[in-house]
Amino acid sequence: MYGGHIGIALAGKGYRSTMPLWVLLIATQLPDWADAAACSFGSGSPPSEVLSHSLPAVAVLATTVALLYYAYARDVAGSAFAGAIVVSHMVADYVTGLKPTWPGGPFIGLRLYRYPAADFGIEALVIVLGWIIYRRSLPADRRDSSPVKVMLFCLLLLQLAASVSFSLFPGIKKC
Ligand SMILES: [Zn+2]
């Protein structure tokens with residue numbers, strides 16, 4: 001999943017408005033950043049996806065984020081929430097991609113990327129729903145402001161670009 005992860009972070013911000021949005025954005029993107037780091041600096045064995053997207057890897061990343069957020073904010077519920085947002089990345093990726101379960105285990109997923117139009121539809125839906133939940137949490141006088149509307153437009157455009165790229169270059173690798 002691409003833009004859908006950001007939609008989930010926005011929904012998280014709408015649900016827990018006291019948490020900084022940047023924390024939720026880091027939490028929702030962390031497995032992909034870990035994948036890029038493992039892909040760039042790792043030996044290739046185990047594969048970067050196992051080191052970033054498998055159940056044990058996501059458990060380590062989620063626990064790390066939860067502990068760091070607790071150290072920052074002393075907010076137990078918020079820490080658990082930040083960890084859950086990391087886990088949401090893995091769940092969302094199982095919908096759109098094919099991801100590892102554990103080292104040596106099977107790769108599972110619905111592989112929606114094979115159908116870029118369906119992928120765009122699902123991710124756009126997650127973005128719009130996340131944006132609606134986020135928007136509801138804003139003060140009434142900011143809900144219809146230009147930046148809030150532009151945010152939705154940019155996210156949908158970003159997802160469209162990703163889905164079009166994927167349909168043009170289906171064998172594209174992240175690194
Ligand atoms: Zn991912």
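Looking only at residues in segment 46-78 that are farther than 25 Å from V95 by Cα and among the small types (G, A, S), which one is least open to solvent (accessible area, probe 1.4 Å)?
The qualifying residue least open to solvent (accessible area, probe 1.4 Å) is G78.
Could you tell me whether A11 is within 16 Å of the ligand (Cβ to nearest atom) and surrounded by 14 or more Cβ atoms within 10 Å (Cβ to Cβ)?
no
When you check I108 against the structure, is it more than 13 Å from the chain's Cα centre (by Cα) and either of a type in the set (V, I, T) or at pLDDT below 95 (or both), yes or no? First the steps, then the outcome.
Values: more than 13 Å from the chain's Cα centre (by Cα): yes; either of a type in the set (V, I, T) or at pLDDT below 95 (or both): yes.
So I108 fits the description; yes.
Return the residue satisfying two criteria in turn: it lies in segment 21-41 and is away from the ligand (no atom under 16 Å from the Cβ) and open to solvent by 30 Å² or more (accessible area, probe 1.4 Å), and of such residues it is nearest to G105 (Cα to Cα).
F41
If only one of V95, V91 is at pLDDT below 95, among the β-branched types (V, I, T) and within 23 Å of I26 (Cα to Cα), which one is it?
None of the other options fit; the residue is V95.
If we only count helices (runs of 4 or more DSSP H) wholly inside segment 1-88, which ones have 3 or more residues that are touching an Asp or Glu at 6+ places or on another chain (Cβ under 7 Å), touching a residue at least 60 places away in the same chain (Cβ under 8 Å) and basic (K, R)?
none
Going through segment 133-153 one residue at a time, which ones are touching a residue at least 24 places away in the same chain (Cβ under 8 Å) and touching a Gly at 6+ places or on another chain (Cβ under 9 Å)?
Selection gives I133, Y134, R135, R136, S137.
The values are calculated or read from the model by the stated rules, or taken from the named source; none is laboratory data. Because the structure is a prediction, the values reported are computed rather than measured. Positions of Cβ are backbone-derived with ideal geometry, glycine not excepted, and every protein chain shown enters the neighbour counts. The protein model used for the area step is the full one, side chains on, heavy atoms only, and it has no ligands, DNA or RNA in it. Shrake-Rupley method; radii C 1.70, N 1.55, O 1.52, S 1.80 Å.
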